[in-house]
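Colleague: Could you have a look at this structure, given as structure tokens, before my questions?
Read-outs: derived from the displayed coordinates by stated rules, not from any lab. Bear in mind the structure is a predicted one, so any value in this text is a computation, not a measurement. Every residue, glycine as well, gets a Cβ built from its backbone with ideal geometry; the counts of neighbours run over all protein chains shown.
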Amino acid sequence: MIQIQNVSHVIGKSPILTGITTRIPRHGITALIGPNGAGKSTLLNLIARLTPLQSGQITVDDVDVSTAPTQELALKIAVVAQQLGVSSRLRVRDLVAFGRWPHHRGRPAQRDEDAVDQAIAAFDLQALQYRFLDELSGGQQQRAFVAMGVVQDTDWVLLDEPLNNLDMYHAKELTAGLHAMSRPGTERSRSIVMVVHEINYVAAWADHIVALKDGALVFSGPPDQVLTEPILSDLFGMPIRVVSIDGKPVILHHM
Amino acid sequence: MPDRRLLLLAGLLLAACSFFLFWGLKGPVGFILELRVVKLAALLLVGAAIGVSTMIFQTVTGNRILTPAIMGFDALFLLIQTLLVIVLGGSAYIGLLGPAKFLIETAIMMVAAMALFSVLMGRGRTDLHRMILAGVIFGVLFRSLTAFFQRILDPSEFSVVQGAMFASFNSVDTAQLALAGVVCLAAFTAIRPLIRALDVVGLGRKSAIGLGLPYDRMVLGLLALVAALVSVSTALVGPITFLGLLVAALAHSMMRTHRHALLLPAAAMISALILVSGQAIFERVLRMQSTLSVIVEFAGGMLFLYLVLRGRVR
């Protein structure tokens, strides 16, 4: 479980997050939603210790992220941030293999190679694995970065807009894959925390939702409680219709 | 088994070295050879220092344009020298013992470079354009400040500084060379265990921290090593501005890899190769009628342009 206690964050003079307190449950997919500039990425980066914590406390399975050694955290939390720079001399397979670094510290063994093979197969990257990263499209790069996060083999995987640039097919495959690996009781059950804008993916696949607006927590809870017309309309500041198809909420926001 | 391309480079370098040592050898053989060996050692040392420092610097800053020299690291070194002459006076400056002076200069240089980078990288790191701009402006600032201080120097004291201003392998002090060798060796020994971690640093700050690398501490250490290597090479022969840029681009386009275990030796050897063959042409073909940096930067610049236009350098 991730516990976020009274976390505030300021960049320059503008407050980004104000007094966030919430919990993110172990197992399943937790979606961070909210309009642009709500502080979703900042919160994710704080949990992943990519941004130093200014005030408050964040613990992941009772480990304090601001004091635990970064090496130790890398075996517990994997993170796929947004807009990662791509070096031109890196092949897809090399990038994915970097996900094993926390386990071998530069000396990969056979089981590391096996894990990389598995991840490459799971993310449909076989045909691309020996291509240079800067020769690929944004969506293909995105899949490689997610594969790198998953191959790190951690309890927690944090993703900042993993569906960015993906086509319909790959967006659905990726989400379904993440969903499958986050079921409790499976052999290697992970907990996924991701920032998502595609609200219907949240409706279809998320187990828990944390909604932010203007740096404050608006609502957190299971999808059927959060994905209602009043909450969503207020959150995004526009009229939103929610209908039910085959028993699942479908959000109509584009018409 | 070592990489084939590295073996090829090593072979070329060996050929260039023997060419430099034995071509046109006549007269008192022992005496001339001794002179040439000292010069060759300096060339190899400076080449390796510039190649490795530029490669590490570019990995740390995540860019392929900026080098320590373009950022004015060597201008900073000249500024320190000039200020030392002003503060101590020319005679006292010369009176400083060789090794002591060298070590003091290197230490000041490392501290100054790290201070500069902590300021520059604190916020600007994520913004490459701003960092390059700031870097180039700092370079100009250091050069202008140096020029200003040199203008207010006494002419006799100016001549003391002048010796350090131009790249020259013709007056290498053996005591200084030995010391430079020790500093270089120490820096390379410190870099060796970090080679694998450098690959991770190349992924950028976010990915590196995510993979459990104590990134900020590591970068500071690496920049200190870069500063040490730049001071060594500048102290030994003076500034060679564009060699680093050229070498890093050549090493990248030749090795086509992200692995520093291959990139660093390649950069060191390419850089030494360019210097040794440049100096050989300068001495034997042009009969000293130019300066080494003109040859290196002219020939190297042409090669670089060719590669850029052919799309080989990215």
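Colleague: To the nearest 0.05, how large is the calculated FRET efficiency for A:K13 and A:R241 if R₀ is 35 Å and r is the Cβ-Cβ distance?
Modeller: Values: r = 39 Å, r/R0 = 1.10.
Here the calculated transfer efficiency is 0.35.
Colleague: For segment B:21-50, state which chymotrypsin sites (Phe, Trp or Tyr not before Pro) are in a DSSP loop and have at most 16 other beta carbons lying within 10 Å of their beta carbon. Working shown, then result.
Modeller: On the way: sites: B:F22, B:W23, B:F31; in loops: B:W23.
Answer by residue number: B:W23.
Colleague: Given the protein assembly as shown, what percent of its DSSP beta bridges are antiparallel, to the nearest 5?
Modeller: On the way: 25 of 43 bridges.
Taking every DSSP beta bridge within the protein assembly as shown, about 60 percent pair in antiparallel fashion.
Colleague: In terms of the ratio Rg/(2.2 N^0.38 Å) built on C-alpha atoms, what value belongs to chain B?
Modeller: 0.99
Colleague: So if R0 is 22 Å, what FRET efficiency would A:Y169 and A:H254 give, r being the distance between their Cβ atoms, rounded to the nearest 0.05?
Modeller: Calculated value: 0.65.
Colleague: Expressed in whole Å with the largest first, what are the equivalent ellipsoid semi-axes of chain A derived from the C-alpha gyration tensor as the square root of 5 times each eigenvalue?
Modeller: 29, 23, 17
Colleague: Return the FRET efficiency for the residue pair B:L83, B:D173: r is the Cβ-Cβ distance, R0 is 22 Å, and the value is rounded to the nearest 0.05. Don't jump to the answer; show the numbers that get you there.
Modeller: Values: r = 21 Å, r/R0 = 0.98.
Step by step, r from the Cβ atoms, then E = 0.55.
Colleague: Please name whichever of A:P25, A:P222, B:L66 sits farthest to the positive end of the charge dipole of the protein assembly as shown, dipole taken about the Cα centre and charges placed at Cβ: Lys and Arg +1, Asp and Glu -1.
Modeller: B:L66
Colleague: To the nearest 20 debye, what is the magnitude of the charge dipole of the protein assembly as shown about its Cα centre, counting +1 on the Cβ of each Lys and Arg and -1 on the Cβ of each Asp and Glu?
Modeller: The calculation lands at about 1220 debye.
Colleague: Another question about this same structure. Averaged over peptide A:96-109, how many Cβ atoms belonging to another chain are found within 10 Å of each residue's Cβ?
Modeller: The mean count of partner-chain Cβ atoms within 10 Å per residue comes to 3.
Colleague: If one computes the Cα centroid of segment A:96-120 and of segment A:1-39, what distance in Å separates the two points?
Modeller: 31 Å
Colleague: What dipole magnitude, in Debye to the nearest 20, does segment B:4-309 give about its Cα centre under +1 on Lys/Arg Cβ and -1 on Asp/Glu Cβ?
Modeller: Approximately 880 debye in magnitude.
Colleague: Still on this model: Taking Cα atoms of the protein assembly as shown, Rg/Rh with Kirkwood Rh, to two decimals?
Modeller: Values: Rg = 28.3 Å, Rh = 26.5 Å.
Computed over Cα atoms, the ratio is 1.07.
Colleague: Counting Lys and Arg as +1 and Asp and Glu as -1, each charge on the Cβ, what is the dipole of segment B:12-112 about the Cα centre in debye, to the nearest 20? If you can, show how the numbers build up before the last one.
Modeller: Working: 5 positive and 3 negative charges, 45 e Å.
Here segment B:12-112 has a charge dipole of around 220 debye.
Colleague: What share of the DSSP beta bridges in chain A is antiparallel, in percent to the nearest 5?
Modeller: 60 percent
Colleague: On to the next question. Mind ordering B:172-184, A:102-114, B:224-236, B:75-87 by average Cβ neighbours within 10 Å, highest first?
Modeller: Top of the packing list down: B:224-236, B:75-87, B:172-184, A:102-114.
Colleague: What whole-number distance in Å separates the alpha-carbon centres of segment A:186-227 and segment B:38-79?
Modeller: After rounding, the separation between the Cα centres reads 49 Å.
Colleague: Which of the aspartates and glutamates could a cross-linker bridge to B:K26, judged by Cα under 18 Å and excluding same-chain residues fewer than eight apart?
Modeller: Counting by Cα, and skipping residues close in sequence, B:K26 has these aspartates and glutamates nearby: B:E34, B:E283.
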